[in-house]
1. Which residue is surrounded by the most Cβ atoms within 10 Å (Cβ to Cβ), if the candidates are limited to the stretch 25-69 and must be without any contact (Cβ under 8 Å) to a residue 12 or more places away in the chain and under 15 Å from Tyr133 (Cβ atoms)?
2. Scan the stretch 185-202 and give yes if some residue there is modelled with pLDDT under 60 and among the polar types (S, T, N, Q), otherwise no.
3. Determine which member of the set Asp114, Asp100 is surrounded by 13 or more Cβ atoms within 10 Å (Cβ to Cβ), touching a residue at least 12 places away in the same chain (Cβ under 8 Å) and part of a loop (DSSP other than H, G, I, E, B).
4. Give the stretch 70-97 a look and list any residue that's crowded, with 17+ Cβ neighbours inside 10 Å and either hydroxyl-bearing (Ser, Thr, Tyr) or not assigned by TED's automatic domain parsing to the domain that holds Ala115 (or both), or say none.
5. Could you list, in sequence order, the residues of the stretch 8-26 that are part of a strand (DSSP E or B), of a type outside the set (Asp, Glu) and within 21 Å of the chain's Cα centre (by Cα)?
6. Every residue in the stretch 67-102 that is among the hydroxyl-bearing types (Ser, Thr, Tyr) and farther than 18 Å from Arg37 by Cβ, please.
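The values are calculated or read from the model by the stated rules, or taken from the named source; none is laboratory data. For clarity, every value in this text was computed on a predicted model and none was experimentally measured. When we count neighbours, we look across all protein chains shown, and the Cβ atoms used for this are built from the backbone with ideal geometry, even at glycine.
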Amino acid sequence: MSKFFSFTETGDLNIEKVFLDMGEPILFVCKGPKGKRYLVVCCQSNVQGKKWLLAETNIETIVRMLEDKITIREAFLIVHGEKYTIIQNVATEPQIILHDPSDWDEENSIYLPDAGQYMEAEPGEFDEEINWYGNLLRMMWYAQTIYKSPPEKRSFEINMVIQSDHSLNNNNYNIMNVKSIKCTPHKDNINIIDDRLGPYAA
């Protein structure tokens with residue numbers, strides 16, 4: 001992933017996937033800290049500078065946009081967090097603005113993608129990206145299921161047979177979580193210890 005910008009408000013932003021490129025990324029996804037994703041559009045690029053809109057999004061929204069189930073504009077307006085504007089003029093450092101009311105006006109913004117505009121991709125054009133995000137989503141669901149499940153308590157019975165020609169004084173041993181111990185004398189095999197751990201016994 002290539003670096004896009006870094007701001008205090010967002011942390012480091014790295015380009016994850018580019019859907020439209022015209023010599024530079026126009027419509028793409030950035031990933032920030034803690035797994036946050038932003039749908040990004042370059043809405044202005046001229047001699048005066050550049051401007052981008054960033055909408056915090058999720059994988060489901062990205063896939064629905066790629067599959068033409070929602071418009072590009074709707075994908076930007078289905079916001080799952082913050083909305084930003086980044087402005088980079090020729091003579092100034094880039095600046096980030098949180099939720100600029102004119103840029104994000106659902107009815108009147110001239111910077112949001114046009115209403116009614118879909119990806120309208122060629123058949124199979126975004127199959128790789130859809131499959132990639134689909135697999136990522138399944139892995140995230142699986143991880144959430146694992147971590148949300150209460151830890152499973154397991155126990156097993158230990159049957160220990162100690163064979164020795166010496167009598168044992170149990171007061172000298174600290175034995176915990178052992179259901180039963182059987183001690184039997186065996187004069188011919190003084191140093192043999194036969195440990196059987198339930199189903200793991202040889």
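1. Only one residue tops the list, namely Arg64.
2. Within the stretch 185-202, one or more residues are modelled with pLDDT under 60 and among the polar types (S, T, N, Q).
3. Asp100
4. Result: Thr71, Tyr84, Thr85.
5. Correct list: Gly11, Leu13, Asn14, Ile15, Lys17, Val18, Phe19.
6. Narrowing the stretch 67-102 to residues among the hydroxyl-bearing types (Ser, Thr, Tyr): 71, 84-85, 92, 102.
Scanning the stretch 67-102 gives Thr71, Thr92, Ser102.
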